[in-house]
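Written out below as C-alpha cells is the structure these notes cover.
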Amino acid sequence: MTQATTHSPFRSALATVPTYKAGKQPAAVAGLTPYKLSSNEHYLQPLPGVMEAIAEPNTPAAYPDPAASALTTALAEYLRVPTDHIAVGAGGSEIITALSHITLEPEAEVVYPSPSFELYSQAAALNGANRTPVGLTGELKHDLKTMAEAITEHTRLVALCSPNNPTGPTISKDEFETFMAEVPSGVLVVLDEAYWEFITDPAAVNGLAALNDYDNLVLVRTFSKAHGLAGLRIGYAVAKPHVISEVRKALIPFSVTAPSQKAAIASLQRVDEVLERAKTIADVRDEFVAALRSQGWDVPQAQANFVWLPLGELSTAFEDACVAQSLAVRNLNDGVRISIGEPDAMKRVLQVAAEFRKHHYPTA
C-alpha cells in the first residue's frame with residue numbers, strides 16, 4: 001500500500017514571517033519599584049471621564065457597532081474631514097495589516113525604513129510580498145532618497161513612520177514633499193503618525209494637511225499613545241474615500257468593542273488635555289535626552305515618547321544592566337529604546353546609563 005504524501009497545511013510565506021515580540025515586563029528586584037519602559041505606554045493616569053465611559057452599561061451578548069459610527073463622526077468633527085475619509089480599527093496595527101491586505105500579494109513589493117515598526121515587515125511577509133527594507137541615514141532618519149530609488153514597477157506600498165519608531169526623528173515637510181514627487185501615483189504611501197501628538201519640531205510634516213495634496217496617501221493614527229488607551233485597541237486611518245472604502249473591506253468585523261469606542265469618544269472630548277499631557281511628556285523627554293547627552297551619549301533627535309540609544313553590540317549588556325535595576329527597556333539588538341515613564345524611573349535609567357558608560361567607555 002502506497003503511503004500518501006504528507007503536505008504541510010501552512011503557507012510557504014510563513015517561513016519568512018517574523019514573530020512580533022512585545023516589550024518585556026520588568027524583573028522583580030528586592031527593594032526596587034519595577035518600571036516598564038519597553039512598550040511606549042502612557043504612564044499618566046486616564047483622563048477624567050474615560051474610566052466612566054468604559055464602565056457604562058454594555059450588553060456582552062450584543063455586537064458593537066461594526067462601523068464605529070459615533071466614533072467615526074467624532075473623529076470627523078475633530079479632524080475636519082468627512083466621515084468617508086476615516087476607517088476605525090483595533091489599534092494602528094489592524095489598520096496597517098488591513099493596508100497590507102489590500103495592496104500586497106506574491107510578486108508585489110513593499111518599501112519601508114529599517115529599523116522601524118516591526119509590523120511593516122511582518123504584515124508584508126504574511127501576504128507573500130517581496131520586502132525592501134531601506135537602512136536609515138547616519139542621523140537615524142529615513143533615507144528618503146534611497147527609498148524613492150527602491151520603488152519599482154512592482155511596488156504597491158511604501159511605509160513611512162514619523163516620528164520613527166524606534167529611533168525618534170521626524171520627517172520634515174520639505175523632505176516629505178520631495179519624496180512624494182518621486183512616488184508614482186499607483187503606489188500607496190502610508191504615513192504612520194502614531195506619535196504625532198508628541199512632536200515639537202515645527203519643521204515636521206503634518207500628515208493631515210498633506211492629505212489635501214496626495215490621493216495615494218493614507219495616515220495611520222492611534223489612541224494607544226498620547227490618549228493612553230493602548231489596552232483598548234483603537235486606531236484609525238485617514239485618507240481619500242477611494243482608499244478608505246478598500247480599507248474597510250479588510251478590517252475584522254466588530255474588532256473595536258463598544259467600551260473602546262466610548263472611551264475614545266470621551267478622550268476626544270478632552271483632546272486639549274490630551275495634547276497638554278503629551279507636551280508634558282515631551283518636556284520630560286527633552287530633559288532626559290539632555291541628561292543623556294551630558295553623560296556623553298550620542299542620542300538622535302527624539303520626537304515621540306521614547307528615546308533611542310544606538311548601542312550596537314552592547315545593547316544586550318545595557319538591557320541586562322537595566323534588568324538588574326528592575327527596569328524593562330526594549331532591546332532591538334542594534335540599540336535600546338527607552339520609553340518615557342515616571343520621574344523616578346527616568347532618574348534610575350540615568351544612573352544605569354552613567355555607570356554603564358564608565359564601565360564600557362572608560363576613555364570616552
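The values are calculated or read from the model by the stated rules, or taken from the named source; none is laboratory data. On a predicted model such as this, the values are computed, not experimentally measured, just so you know. Every residue, glycine among them, receives a Cβ derived from its backbone with ideal geometry; neighbour counts consider all protein chains shown. These area figures cover heavy atoms from the full protein model, side chains too; ligands, DNA and RNA do not enter into them. Shrake-Rupley method; radii C 1.70, N 1.55, O 1.52, S 1.80 Å.
Each row is one residue, and each column tells you yes or no for (1) of a type outside the set (Val, Ile, Thr); (2) open to solvent by less than 30 Å² (accessible area, probe 1.4 Å).
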| position | (1), (2) |
| --- | --- |
| Thr222 | no, yes |
| Gly231 | yes, no |
| Val238 | no, yes |
| Val243 | no, yes |
| Lys262 | yes, no |
| Leu268 | yes, yes |
| Val271 | no, yes |
| Lys279 | yes, no |
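In region 176-220, how many are within 17 Å of Ala282 (Cβ to Cβ) and either open to solvent by 10 Å² or more (accessible area, probe 1.4 Å) or in a loop (DSSP other than H, G, I, E, B) (or both)? First the steps, then the outcome.
As a first pass, look at region 176-220 and keep what is within 17 Å of Ala282 (Cβ to Cβ): 193-204, 206.
Retained after the next criterion (residues that are either open to solvent by 10 Å² or more (accessible area, probe 1.4 Å) or in a loop (DSSP other than H, G, I, E, B) (or both)): 193-197, 199-204, 206.
Here the count works out to 12.
Give me a count of the residues in region 125-147 that are of a type in the set (A, V, I, L, M, F, W, C), touching a Ser or Thr at 6+ places or on another chain (Cβ under 6 Å) and in contact (Cβ under 8 Å) with a residue 24 or more places away in the chain.
Count: 2.
Does region 62-72 include one or more residues that are within 17 Å of Ala226 (Cβ to Cβ), open to solvent by less than 30 Å² (accessible area, probe 1.4 Å), touching a residue at least 60 places away in the same chain (Cβ under 8 Å) and small (Gly, Ala, Ser)?
Taking every residue of region 62-72 in turn, none turns out to be within 17 Å of Ala226 (Cβ to Cβ), open to solvent by less than 30 Å² (accessible area, probe 1.4 Å), touching a residue at least 60 places away in the same chain (Cβ under 8 Å) and small (Gly, Ala, Ser).
Taking the options Glu41, Glu77, Glu52, name whichever one is open to solvent by 60 Å² or more (accessible area, probe 1.4 Å), more than 30 Å from Glu246 (Cα to Cα) and not in a loop (DSSP other than H, G, I, E, B).
Answer to the check: Glu52.
Right, Arg156: closer than 27 Å to Gly335 by Cα and part of a strand (DSSP E or B) or not?
no
Being within 24 Å of Lys225 (Cα to Cα) and touching a Lys or Arg at 6+ places or on another chain (Cβ under 7 Å) is the filter here, so list the residues in region 301-328 that pass it.
Once the filter is applied, which keeps residues that are within 24 Å of Lys225 (Cα to Cα) and touching a Lys or Arg at 6+ places or on another chain (Cβ under 7 Å), region 301-328 yields Ala302, Asn305, Phe306, Val307, Trp308, Leu327, Ala328.
For Tyr112, which of the numbered conditions (1) within 19 Å of Ala237 (Cβ to Cβ); (2) part of a strand (DSSP E or B); (3) open to solvent by less than 10 Å² (accessible area, probe 1.4 Å) fails to hold?
(3)
For the list (1) under 15 Å from Thr167 (Cα atoms); (2) part of a helix (DSSP H, G or I); (3) open to solvent by 60 Å² or more (accessible area, probe 1.4 Å), I need the number of the one condition that Gln351 fails.
It is condition (1) that Gln351 fails.
When you look at Thr59, is it under 30 Å from Gln122 (Cβ atoms) and among the β-branched types (Val, Ile, Thr), yes or no?
On the way: under 30 Å from Gln122 (Cβ atoms): no; among the β-branched types (Val, Ile, Thr): yes.
Answer is no for this residue.
Can you list residue pairs whose Cβ atoms sit under 7 Å apart, with the first residue in region 324-347 being over 23 Å from Tyr195 (Cα atoms) and touching a residue at least 40 places away in the same chain (Cβ under 8 Å) and the second being open to solvent by less than 30 Å² (accessible area, probe 1.4 Å) and of a type in the set (S, T, N, Q)? Count only pairs 6 or more apart in sequence or on different chains.
From residues that are over 23 Å from Tyr195 (Cα atoms) and touching a residue at least 40 places away in the same chain (Cβ under 8 Å), there are no pairs.
Among the candidates Leu136, Leu119, Leu144, single out the residue that is over 25 Å from Phe254 (Cα atoms), of a type in the set (A, V, I, L, M, F, W, C) and in contact with a Phe, Trp or Tyr (Cβ under 8 Å, 6 or more places away or on another chain).
Unique residue meeting the criteria: Leu144.
Consider only pairs whose beta carbons are under 6 Å apart and that are at least six residues apart or on different chains; among these, list those whose first residue lies in region 348-363 and is touching a residue at least 12 places away in the same chain (Cβ under 8 Å) and charged (D, E, K, R) and whose second residue is surrounded by 12 or more Cβ atoms within 10 Å (Cβ to Cβ) and assigned to a helix (DSSP H, G or I).
Arg357/Gln295
Need pairs with beta-carbon distance below 9 Å; first residue at positive phi and within region 91-106, second surrounded by fewer than 24 Cβ atoms within 10 Å (Cβ to Cβ) and among the hydrophobic types (A, V, I, L, M, F, W, C); sequence gap 6+ or separate chains.
The qualifying pairs are Gly91/Ala230; Gly91/Leu232.
For a quick check of your reading of the model, give me the residue pairs whose first member lies in region 297-322 and is surrounded by fewer than 22 Cβ atoms within 10 Å (Cβ to Cβ), whose second is part of a helix (DSSP H, G or I) and β-branched (Val, Ile, Thr), with beta-carbon atoms closer than 7 Å and at least 6 apart or on different chains.
Final answer for the pair search is Val299/Val289; Ala321/Val352.
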